[in-house]
Amino acid sequence: MKRTLTLLSFGMALALASAPLLAAGNGDNGKSKAATCFACHGADGNAVDPQYPRLAGQYNEYIQQALHEYKDGRRTNPIMKGFAATLSDQDIEDIAAYYSTLPTKLDTLKGHVQGD
């Protein structure tokens, strides 16, 4: 009985630990789904125009949260709301996986930060 409970506990812990891995997006799919994002944020996620945020290297969960907030209206940007409205949850996970794995250029933010 004790062995069964130990194995069951171990199995549950393993299942819970692997759940985020199964829910993680696919960066390769995200690249193709993010094609419309390239115009403002850049294909490499390092926007050149300071009015657009740099997404490369940003936290995966942050990108997902931001896209969900644009989609449901908690963030108010008419352009982003229009783009995010068409995205499924899987699309959002894939796009976040793509941008979060790209190398960032945060060391070249001169002119990209308010007050510069």
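For this structure, a couple of remarks:
- Using a simple spin-label model with pseudo-atoms 7 Å out from Cα toward Cβ, D49 and A85 lie 2.1 nm apart.
- Direction-averaged projected area, Cα convex hull, segment 21-92: 4.8 nm², rounded to one decimal.
- Ranked by the mean number of other Cβ atoms within 10 Å per residue, highest first, peptides 88-98, 72-82, 57-67 order as 88-98, 57-67, 72-82.
- Note, ³J(HN,Hα) from phi for segment 24-29, Karplus 6.51, -1.76, 1.60, rounded to Hz, x at Gly and Pro: 5, x, 9, x, 5, 5
- Positive contributions from Lys and Arg (+1) and negative ones from Asp and Glu (-1), summed over other residues with Cβ under 14 Å from the Cβ of A97, come out at -4.
- Net charge over other residues, Cβ less than 13 angstrom from the Cβ of K81 (K, R count +1; D, E count -1): +1
Any read-out appearing in this document is the output of simple, stated calculations on the displayed coordinates, not a laboratory observation. Source: prediction; values computed, not measured. Using ideal geometry, Cβ is built from the backbone for each residue, glycine included, and neighbour counts are taken over all protein chains shown.
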